[in-house]
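The values are calculated or read from the model by the stated rules, or taken from the named source; none is laboratory data. All values derive from a computational prediction rather than experimental measurement. Quick reminder, even Gly has a Cβ in these numbers, built from the backbone with ideal geometry, and neighbours come from all protein chains shown.
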Amino acid sequence: MSTSALRQPAAPRSATRDWGRALGRLAMGLCVPVLILIGWQLVGQSPGMAGVVPTPAQVGRAWYDWIFASPGMGLNPYLGTWLSNVQYSTMRVAQGFALAMVCGIPLGLAIRWCKACGRFPSPPGCPSRSRSSAFATWDRSF
């Protein structure tokens, strides 16, 4: 066997070089978003766009007020309403998931265990195998 066929051990990698590469990739990844923000700020501050295009700083202040300001019904009725919006959206998602479980699990069991239920026609574009739920891997012997 020749020595050229044997693999030479790899030279130890420098931890400093790895950090340098990671920082270089991070810097390259941040270049475009930072340039977009700078361009947006400059366009928003230009005399022709004042009041038409909000600057990133104005958008950030509005988000801060929406999240952290005390709720009120002054000129802006949305101040401080972010948390209540998140709670309401979370409740709607949880209710939808619960409704899907209440309807879907019994329907899936019925399709799996009752031959008559399994013979219902599929909706258009839905193969018959996709109607059977995760229970399709179970054996029909029970």
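Tabulated data
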read-out: Test result for ARG25, in a helix (DSSP H, G or I), modelled with pLDDT under 75 and not β-branched (Val, Ile, Thr); value: no
read-out: ALA94, sole failed condition from (1) exposed (fewer than 13 other Cβ atoms within 10 Å of the Cβ); (2) more than 21 Å from the chain's Cα centre (by Cα); (3) hydrophobic (A, V, I, L, M, F, W, C); value: (2)
